[in-house]
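Below you'll find the structure, written out as structure tokens, and then a few comments.
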Amino acid sequence: MVRLRHWPLAAALLCAILVWKPVFIGAAEHYNAEVFGSAIRVYAVLRGINAALSVAKETEIGVGLVGSITAQPAMVLDPIDETVARVSDLVFVLAATSGMLEIAFAPLAQLGAVAAAIGFGLLYLPVIAPAAAGVVSGLGRTLAGFGLMLALALPLGYGFGGQLGAYWTEDLRAEAERTLQGSADTIEAAIETVPSTPPAEIADPPAGPPPEEAQDGWLGSLVSPMLDGYDQARGAAADAFAGVAAGVGSAGQAVSDAVPDMAAVQARGSEIFESSLTLVAIYGFRLFVLPLVLLWILTALARRAIAKP
């Protein structure tokens, strides 16, 4: 079997062409653009939820019973708010990674083609100068393998991996995004309908009835003041209890009006948590797991082909 001695030269020339016209980067860029757009939409939804919950948490009510008391009853939503904020930060990192990869594919492919052309040129050098075989063969294989990984394996892994990832996870991604959007709409609508409630104040008890004029006679002059004092004390106590009851009722109404439906918001909070983590897992699988596995396979095949021409 005749050994092909000039194959490194042909490979070097082909890689030189790839410097001017990289291949496979169109599919990879399109795939990362889709992931970037989807992640940005999810990030916007999560930040909207975060903003709505923050507004609800900052709502204060005041109740004037004995002095003035203020409270923030919607602070029970703080765990949901913190979770949404952290997940949104993670989605932002994934979106930024996808956007960076979309921009980086073309220059990385060109850089890899240059490295591969130099590497194959070094592998062809022993054909011209056999004495240099031991010096340049190892360096040539390293440059050629690294260059092929950047020029071919990386965009091919993301392009082909993107098609597989979309085929396997697109339905799950769309369902999770719909659930997240529906939960966001429900929470924002519940918080927007909460009116701005002023502090509930209790009016001063009404003044008691004016004392009646004393009855004529010595007996009236003794009994009438006692009866008047008893009537005034009873009236004042009744007015005080009525005022406290009205204040407690107005305070409860103020709390009810100042916060959204907690049960509905917390139920939606679990849906937001599950759907957002599902989306994060899908983006991680599409951006890292599947492309890196394919990249490893293609790199191993390229190194094997270079080692045994």
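The values are calculated or read from the model by the stated rules, or taken from the named source; none is laboratory data. Being a predicted model, the structure only gives us computed values, none of them experimental. Every residue, glycine as well, gets a Cβ built from its backbone with ideal geometry; the counts of neighbours run over all protein chains shown. Surface accessibility is based on the protein's heavy atoms, side chains included, excluding ligands, DNA and RNA. Shrake-Rupley method; radii C 1.70, N 1.55, O 1.52, S 1.80 Å.
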From Gly67, Gly62, residue being assigned to a strand (DSSP E or B) and either open to solvent by less than 20 Å² (accessible area, probe 1.4 Å) or modelled with pLDDT under 70 (or both): Gly62
Looking for something within 25 Å of Arg268 (Cβ to Cβ) and at pLDDT 90 or above - is there at least one such residue anywhere in the range 139-160? no
Mind telling me which of the residues Glu188, Glu170 ends up being at pLDDT 85 or above, within 40 Å of the chain's Cα centre (by Cα) and not hydrophobic (A, V, I, L, M, F, W, C)? Glu170
Test: residue in the range 125-140 that is on the phi < 0 side of the Ramachandran plot and buried (at least 22 other Cβ atoms within 10 Å of the Cβ): yes
Taking the range 285-297 and keeping only residues that are within 23 Å of Arg141 (Cβ to Cβ) and open to solvent by 50 Å² or more (accessible area, probe 1.4 Å), one is left with Leu292, Trp296, Ile297
How many residues of the range 173-185 are among the acidic types (Asp, Glu), surrounded by fewer than 18 Cβ atoms within 10 Å (Cβ to Cβ) and modelled with pLDDT of 90 or more? The answer is 1
